[in-house]
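Read the structure below first, then the notes.
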Amino acid sequence: KKEVRLSLGLPENSFIGLCLASVQVRKGQDVLLRQLHIVIEKMPDALFLFVGPVLWDWQGKSIVDYAKRNFTTKNVRIIGPKQNSMDYIHAADCLILPSREEALPLTILEAMLLGKPSVASDVNGIPELIVPEETGLLFSHNAPEDLAGHIIRLGADPFLAEQMGKTAQARYFEKFSRKHHVARWRELLESQVHGNHSPQW
């Protein structure tokens, strides 16, 4: 992680949270930014990276403007789209996804693969990926202050973050790897061929 941080021009020892998503109201970066005042008060050296294209037609500009008005680049950086986004996951201590809507987000799967815990909203398909207190932490949009609390908790306990990341990685290979995905499709197709319409997943 240290080498990747150096290559990206990121601080070696700061807590780094990564929001890897297009910047727009659906992805909830505005929710995260409003909670960062609380987080930075407790963790003044923490850095939060926003990697992904800014969708101007979906309130992305207002989110970027809010970030620039309220934070310096010491704590918040709007990076934009990057082809090497996996490097940013490597460099981060946790992935943060405060979406208002999601299906089954690829970014959480990527974080799991790389052994990183996720802090995310409890919407739609996200709870299928994150096991609370085991592979990450969930918050409700009805209680956005929990998002700040979860980030502070991981920042204060690097061992907890590391253990959650290891558990997330194990869960990825057990449930969500490409090999497992292929096996489930094979089971489904074979069940249709042989007339058994209830594959045991």
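The values are calculated or read from the model by the stated rules, or taken from the named source; none is laboratory data. All figures in this text were calculated on a predicted structure; none of them were measured in a lab. All Cβ positions, even for glycine, are placed from backbone atoms using ideal geometry, and neighbour counts span all protein chains on display. Note: areas computed on protein heavy atoms with side chains; ligands, DNA, RNA excluded. Shrake-Rupley method; radii C 1.70, N 1.55, O 1.52, S 1.80 Å.
To test your reading of the geometry: what angle, between 0 and 90 degrees and rounded to tens, separates the Cα axis of helix 158-171 from the longest principal axis of the chain? Compared with the principal axis, the helix lies near 30 degrees.
Among the listed options (i) 108; (ii) 207; (iii) 130, the one matching volume of the Cα convex hull per residue in Å³ as calculated from these coordinates is (iii).
Suppose all protein chains stay in the model; what accessible area per residue would a 1.4 Å probe give for segment 50-94, in Å²?
Working: 2660 Å² over 45 residues.
Here the residues of segment 50-94 average 59 Å² of exposed surface.
Please return the longest range in the chain lying between exposed loop sites, taking trypsin sites (Lys or Arg not before Pro), DSSP loop only, at most 15 other beta-carbon atoms within 10 Å, and leaving the sites out. The longest such stretch corresponds to 101-201. Estimated at the nearest 10 Å², the accessible area of residue 73 is 100 Å² with a 1.4 Å probe. Across 151, 79, the residue with the most accessible area heads the list, and the full order at a 1.4 Å probe is 79, 151.
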